[in-house]
Amino acid sequence: MQMLTPQPYASPWLSGDVAEVAKLARHFFDTEVVPHLERFDAQHQVDVETWLAAGRAGLLCIGGSEEYGGGGGTFAHEAAVMWEQARSGDDSFGHTVHSGIVAPYLEVFGTPDQKQRWLPRMASGALVGAIAMTEPGAGSDLQRIRTTARRDGDHYVITGSKTFITNASHAGIVIVVCRTGGEGAQGISLIVVETTDPETGEPTPGFERGRVLDKIGMHGQDTRELHFTDVRVPVGDLLGPEEGQGFYQLMSQLPQERLAIAVGAVAAAEYAVELATAYSKDREAFGRRVVDFQATRFTLAEVSTEVLAARTFLDHCMALHLEGRLDPVTASRAKYWTTDLQCSVVDRCLQLFGGYGYMREYPIARLYAAARVQRIYGGTNEIMKELIGRSL
């Protein structure tokens, strides 16, 4: 009887022109980002040139409409870039927020004028996007936000503070989740704030970039506080046809955002298994390769199987989303389960490195530090379980 050799698994969505995008992204991260990670960590942000290089490579807003400078692709093309970023070991470049979150809000809810003003420059990397949801007193529960936008003639006057904002240093536009009405979901709107005057280039009065946040991991990612003190914004920069639509807009986009987190989680976990496998075959202890110990082989057997299961679940969710059928509950399941698994897999893989796994010069240590926040942002995993539980 012939014994079959296991074949590498290939995700159905990572094929054809999507695979070509992945190849392009792999080259970009290997040449433009990974060699500079230590410097990005020290300065707590990537270079401006990194954004422009990504734009020249065609990797920004690649799923957006060609009419507004995008690549004309789908979320699969965006996910291919996210996948390769996670597999490169980079945790600094804010591509997912810029292209996977901010740009889709503009594509779906923006007016033709808004799209023309912002999306082409986002696709080129000349304009970096951020979204300001979280506040010091409101995280996963967005109905508790206190940042206000008061109507004053042809302008909104925005006052409040936001925290944990990715791309905050480089951001030229910020989608601000704010309160234009009363309490609860019905009073929330999304308003786009330009951080500089588009004509003069001067900083927008009342807008302030707060302190750079010192995180456990992702030291090179641009994350800080933002403050708005009577910031005047034209009423035409409201996203959507009328006030009070913000909570609906946020909820409609969250499944894709949570799927994006799952993409990074599975890719990072798979990368961790590859690193641990290679190290175990190379490293010796007590006169034997580490991989020759049964405990090591069992660990690698477990994590490789779990990652394969996670990848097939991710592929199922990707197929649903590309068909427009990914529901919030399934997206919540994907987000919570894959990020829990990511933390578990990376932890067990790091253990195989012994003391070297705790050294930041080793990619596995970086993966470990970066993994923990995956269970928090995009809605904590406890919130994900609550949403799932309510559906049963």
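The values are calculated or read from the model by the stated rules, or taken from the named source; none is laboratory data. These numbers were taken from a predicted model, which means no experiment stands behind them. For neighbour counting, all protein chains shown are included, and Cβ atoms are generated from backbone atoms with ideal geometry for every residue, glycine included.
So is S280 without any contact (Cβ under 8 Å) to a residue 60 or more places away in the chain and among the hydroxyl-bearing types (S, T, Y) or not?
So S280 fails the test.
Residues to consider are D113, D141, D154; find the one that is surrounded by fewer than 17 Cβ atoms within 10 Å (Cβ to Cβ), of a type in the set (D, E, K, R) and under 20 Å from the mean Cα position of the chain (by Cα).
Residue meeting the stated conditions: D141.
Please give the number of the condition M122 fails out of (1) within 17 Å of Q256 (Cα to Cα); (2) buried (at least 22 other Cβ atoms within 10 Å of the Cβ).
Result: M122 fails condition (1) only.
Could you run through segment 226-242 and say how many residues are among the charged types (D, E, K, R) and crowded, with 19+ Cβ neighbours inside 10 Å?
Selection size over segment 226-242: 1.
Identify the residue in segment 37-79 that is of a type in the set (A, V, I, L, M, F, W, C) and farther than 30 Å from L320 by Cβ and, among all such residues, is surrounded by the most Cβ atoms within 10 Å (Cβ to Cβ).
Here the answer is V46.
Filter segment 244-293 for residues that are crowded, with 19+ Cβ neighbours inside 10 Å and outside any helix (DSSP H, G or I) and give the result.
Q245
I'm told E361 meets every condition in (1) modelled with pLDDT of 95 or more; (2) more than 23 Å from the chain's Cα centre (by Cα); (3) not hydroxyl-bearing (S, T, Y) except one. Can you identify the failing condition by its number?
Of everything listed in (1) modelled with pLDDT of 95 or more; (2) more than 23 Å from the chain's Cα centre (by Cα); (3) not hydroxyl-bearing (S, T, Y), E361 misses just condition (1).
For the subset of segment 351-385 comprising residues that are of a type in the set (S, T, Y) and under 28 Å from I131 (Cα atoms), which member is surrounded by the fewest Cβ atoms within 10 Å (Cβ to Cβ)?
If we take residues in segment 351-385 being of a type in the set (S, T, Y) and under 28 Å from I131 (Cα atoms), then T380 is surrounded by the fewest Cβ atoms within 10 Å (Cβ to Cβ).
Is it true that I188 is over 23 Å from A103 (Cα atoms), in contact with a Lys or Arg (Cβ under 7 Å, 6 or more places away or on another chain) and touching a residue at least 60 places away in the same chain (Cβ under 8 Å)?
no
Got a sec? Which helices (runs of 4 or more DSSP H) wholly within segment 29-117 have at least 1 residues that are touching a Leu at 6+ places or on another chain (Cβ under 9 Å), among the hydrophobic types (A, V, I, L, M, F, W, C) and closer than 20 Å to A171 by Cβ?
Result: 48-56, 75-88, 103-109.
For I388, are the conditions met, namely being surrounded by fewer than 19 Cβ atoms within 10 Å (Cβ to Cβ) and not polar (S, T, N, Q)?
Taking the combined requirement at face value, the residue satisfies it.
Any chance segment 216-224 includes a residue that's part of a strand (DSSP E or B), at pLDDT 95 or above and in contact with an Asp or Glu (Cβ under 6 Å, 6 or more places away or on another chain)?
Scanning segment 216-224 turns up no residue that is part of a strand (DSSP E or B), at pLDDT 95 or above and in contact with an Asp or Glu (Cβ under 6 Å, 6 or more places away or on another chain).
So which pairs qualify, if the first residue must be in segment 364-376 and assigned to a loop (DSSP other than H, G, I, E, B), the second must be of a type in the set (V, I, T), the Cβ gap must be under 9 Å, and the two must be at least 6 apart or on different chains?
I376/T339
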